[in-house]
Amino acid sequence: MVGAVGANPTQAEYATVVTLLNDLKAKYNDSVALSNDIKAKYNAAVTLINELRTDYSAAVTLINEMRTKLNAMGSAGAASVQKA
């Protein structure tokens, strides 16, 4: 514990306070770094989800184009390809 109420702190008590404040600052800086890391990972995940959504949409478009072409080829008598 640092000093009694109303008493002047000693040099050792000042040193203790400085040490504790430096420790607190280091922990705060660590938490900021961790928050930034979490934010970066979250942003990377959102980007990946958006890319997957784009890839999925492109795949659906490609499948629909293929179905249209197959139906056009099969319109001469073969059964048409239906959506599942």
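Points 7 angstrom from Cα along the Cβ direction at Lys41 and Glu13: gap in nanometres?
Label at Lys41, label at Glu13, 4.3 nm between them.
For Ala26 and Thr54 in one chain, what is 0.36 nm times their gap in residues minus the Cα-Cα distance, to one decimal in nm?
Contour length minus Cα-Cα distance gives 5.9 nm.
Sort 63-74, 47-58 by the packing proxy (mean of other Cβ within 10 Å over each peptide's residues), most packed first.
My ranking of the peptides, most packed first, is 63-74, 47-58.
For region 10-72, evaluate the Debye formula with one uniform point scatterer on each Cα (no solvent term) and list log10 I(q)/I(0) at q = 0.11, 0.16, 0.28 Å⁻¹, rounded to two decimals.
Ignoring solvent entirely, the Cα scatterers give -0.56, -0.73, -1.02.
No lab work stands behind these numbers, since they all come straight from the coordinates. Not measured: the values here are computed from a predicted model. Using ideal geometry, Cβ is built from the backbone for each residue, glycine included, and neighbour counts are taken over all protein chains shown.
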